[in-house]
Amino acid sequence: MISANLLAVFYLISGVLFILALRGLSSPETSRQGNLFGIIGMAIAIGVTIVSVGNFSTGFLYLLILLLIGGSIGTFIAFKIPMTAMPELVAGFHSLVGLAAVFVAISAFLNPEVFNLGSQGNIKIASLIEMSLGAAIGAITFTGSVIAFLKLRGIMSGSPITFKGQHYLNLILGIAVIVFIFYLCKTQSDSLFWRIIEISLLLGILLIIPIGGADMPVVISMLNSYSGWAAAGIGFTLENTALIITGALVGSSGAILSYIMCKGMNRSFFNVILGGWGATDQSSSSKSKEQKPVKSGNAEDAAFLMKNASSVIIVPGYGMAVAQAQHALREMVDTLKKNGVKVSYAIHPVAGRMPGHMNVLLAEANVPYDEVFELEEINNDFASCDVAYVIGANDVTNPVAKTDPQSPIYGMPILDVEKAKSVLFVKRSLSPGYAGIDNDLFYRDNTLMLFADAKKMTEEIIKSL
Amino acid sequence: MEIDPFIFRLSIFILSIFIGYFVVWSVTPSLHTPLMSVTNAISSVIIVGAIIAALAGEAGNIFDTANIFGFLAIILAAVNIFGGFLVTQRMLAMYKKKKKDKK
């Protein structure tokens, strides 16, 4: 056995190690060490908990077996998952944290003596509030993440699902959860506790289905945040510092990422949460503009342009991830560099399906991270660059965001691709992007459309170089 | 008058939110994906609750409903802990700097 005070000190230490783990991510050099701190923090937390429980009989054996099973599954996934599937992996993992929080809350509700929360039917009011909040947020995180996972994986259509009165229904359900928690405190009734969890599960589904594919970066960050608040809620119930610190860290981390993503689209958080973008603005965009002349070219034209350029900026987007074109892209860039062309990469904050998605893919393809730049760092360089190579990005390059106040994406920060001397736009067709609006860039004189799959086109360009 | 221990925990919570705020703003945007996977891994520290739920309680009565929920939560959290940290490790190992000019 271990004294409660000593135990609390150990939990504090693991909380501090988790802070250092996040701190390490301020630069790639320190990040690996940070991750190690995180692992040590986790090992300490688990170790002292086992010692404090002091039950080394059969239960301990089951614990080890389950840790081994879960650990092997996790290890297997971690090594097998392709980098392009990272968004759905993270969504999937969030759902597990959510469900674990629900399970722990249920367990605490059924057997409150173990956690010193009073006895069944007579649980401390504060603990009841904390555990039902933890369970509710956990349940929302669980089903919400499952929906996000299905959408990202393509099992469920990425287009928003909306129906009349949806937001009112969500509001009513949300209020119902709060009212039920209130009555749960008064009556200690089992059935109310289960209702709270059920409603929250439903709410998680309803909250995520109206949100479309390209808004996924916001959704994932938001669910990340929720999983943190759920953990914090459980942390209060269990009076556990490590859990409270971690929950607060993760909660605020996810909230900040959501904020950064929303800012990247110049939309308010509520605007994203309250549903589809493409769904509402489709009508205004389908004004017949299709007849405008477009210059299209082939791989040789593109190769010629880039070989004779002195600087090229690559603008990757979700299309690159879909086509798995990152390795071909790196090869192309290597060839260009051999020809003395200066190449850099420009990444829009909301490119891809999760924060930092493009950066990971480029890193996977061995692109050095100091050649990859964020929007603010590189946007002025477009004016002086010879070729912008847009691969799989669309809305984030649309100059309409700066010129047309009517456009749904007006005010969204965009990459000033149109300022480059020439623009190579790899795209399968002229179809509009996620926002459902036409991209002016297609029709500019300095734009050459390359109609093909991102990977195939890039490979052909390599051959022609 | 004594201060309720809840207030101490609330203070820790609020201050941690601020720490999180400042630490996360200093994370470089190119590492936002590893940030998500590592926060995911550390939030699985909820496993401490699961362990207590599963193991505590009278010996011999380990298959009570409450304990079983604890055991289930242990598996879920274990998947997350190993998966989360290892996939982060794998991603971070890919971030390399430009090679210094060969002489």
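The values are calculated or read from the model by the stated rules, or taken from the named source; none is laboratory data. Everything numeric in this text was worked out from a predicted model, so none of it was measured. Ideal geometry is used to build each Cβ from the backbone, glycine not excepted, and the neighbour counts take in all protein chains shown.
Among all residue pairs at least 6 apart or on different chains, which show Cβ distances below 7 Å where the first residue, located in region A:343-354, is on the phi < 0 side of the Ramachandran plot and the second is at pLDDT below 90 and of a type in the set (Phe, Trp, Tyr)?
Close Cβ pairs (under 7 Å, with a partner that is at pLDDT below 90 and of a type in the set (Phe, Trp, Tyr)) amount to A:Ala351/A:Tyr318; A:Arg353/A:Tyr318.
Take the conditions surrounded by fewer than 19 Cβ atoms within 10 Å (Cβ to Cβ), of a type outside the set (A, V, I, L, M, F, W, C) and touching a residue at least 12 places away in the same chain (Cβ under 8 Å) and apply them to A:Lys455. Does it pass?
In short, no.
Would you please name the residue that is farthest from the other protein chains (Cβ to nearest Cβ), looking only at residues in region A:215-258 that are under 22 Å from A:Arg353 (Cβ atoms) and in contact with a Lys or Arg (Cβ under 8 Å, 6 or more places away or on another chain)?
Among residues in region A:215-258 that are under 22 Å from A:Arg353 (Cβ atoms) and in contact with a Lys or Arg (Cβ under 8 Å, 6 or more places away or on another chain), the one farthest from the other protein chains (Cβ to nearest Cβ) is A:Met216.
Within region A:133-179, how many residues turn out to be out of contact with any Lys or Arg (no Cβ under 9 Å at 6 or more places or on another chain), more than 27 Å from A:Val90 (Cβ to Cβ) and in a helix (DSSP H, G or I)?
The number of residues fulfilling the criteria is 7.
Residues to consider are A:Ser72, A:Ser95, A:Ser3, A:Ser57; find the one that is more than 7 Å from chain B (Cβ to nearest Cβ), at pLDDT below 90 and at negative phi.
Selected residue: A:Ser3, the only one of A:Ser72, A:Ser95, A:Ser3, A:Ser57 that is more than 7 Å from chain B (Cβ to nearest Cβ), at pLDDT below 90 and at negative phi.
How many residues, within region A:199-254, are among the charged types (D, E, K, R) and either under 11 Å from A:Ala148 (Cβ atoms) or buried (at least 24 other Cβ atoms within 10 Å of the Cβ) (or both)?
Residues that pass the stated criteria total 1.
Test of understanding: among A:Val90, A:Val104, which residue is of a type in the set (Val, Ile, Thr), under 28 Å from the mean Cα position of the chain (by Cα), within 18 Å of A:Asn224 (Cβ to Cβ) and facing another protein chain (nearest Cβ under 7 Å)?
Criteria check complete, one pass: A:Val90.
Quick grid of which residues meet (1) within 10 Å of another protein chain (Cβ to nearest Cβ); (2) closer than 15 Å to A:Gly212 by Cβ; (3) among the basic types (Lys, Arg):
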position: A:Pro112; (1), (2), (3): yes, no, no
position: A:Gly121; (1), (2), (3): no, no, no
position: A:Ile125; (1), (2), (3): no, no, no
position: A:Leu128; (1), (2), (3): no, no, no
position: A:Ile137; (1), (2), (3): no, no, no
position: A:Ala148; (1), (2), (3): no, yes, no
position: A:Gly154; (1), (2), (3): no, yes, no
position: A:Gly158; (1), (2), (3): no, yes, no
position: A:Leu169; (1), (2), (3): no, no, no
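Which of the following residues is in contact (Cβ under 8 Å) with a residue 12 or more places away in the chain and touching a Leu at 6+ places or on another chain (Cβ under 8 Å): A:Pro28, A:Pro112?
Exactly one of A:Pro28, A:Pro112 is in contact (Cβ under 8 Å) with a residue 12 or more places away in the chain and touching a Leu at 6+ places or on another chain (Cβ under 8 Å), namely A:Pro28.
Looking only at residues that are buried (at least 22 other Cβ atoms within 10 Å of the Cβ) and at the interface with chain B (Cβ under 7 Å from one of its Cβ atoms) in region A:29-38, which one is farthest from B:Gly84 (Cα to Cα)?
If we take residues in region A:29-38 being buried (at least 22 other Cβ atoms within 10 Å of the Cβ) and at the interface with chain B (Cβ under 7 Å from one of its Cβ atoms), then A:Ser31 is farthest from B:Gly84 (Cα to Cα).
Kindly indicate whether any position in region A:220-237 is more than 11 Å from the chain's Cα centre (by Cα), among the hydrophobic types (A, V, I, L, M, F, W, C) and not in a helix (DSSP H, G or I).
The answer is no, given that none of the residues of region A:220-237 is more than 11 Å from the chain's Cα centre (by Cα), among the hydrophobic types (A, V, I, L, M, F, W, C) and not in a helix (DSSP H, G or I).
Taking the options A:Ile39, A:Ile44, name whichever one is over 21 Å from A:Ser253 (Cα atoms) and either of a type outside the set (Asp, Glu) or in contact with a Pro (Cβ under 9 Å, 6 or more places away or on another chain) (or both).
A:Ile44
What number of residues within region A:300-318 satisfy the criterion of being of a type in the set (Ser, Thr, Tyr) and either assigned to a helix (DSSP H, G or I) or over 19 Å from A:Tyr369 (Cα atoms) (or both)?
Residues flagged as of a type in the set (Ser, Thr, Tyr) and either assigned to a helix (DSSP H, G or I) or over 19 Å from A:Tyr369 (Cα atoms) (or both) within region A:300-318 amount to 2.
Please pick out the residue among A:Ala351, A:Ala363, A:Ala321 that is crowded, with 24+ Cβ neighbours inside 10 Å, part of a helix (DSSP H, G or I) and at pLDDT below 90.
It is A:Ala321.
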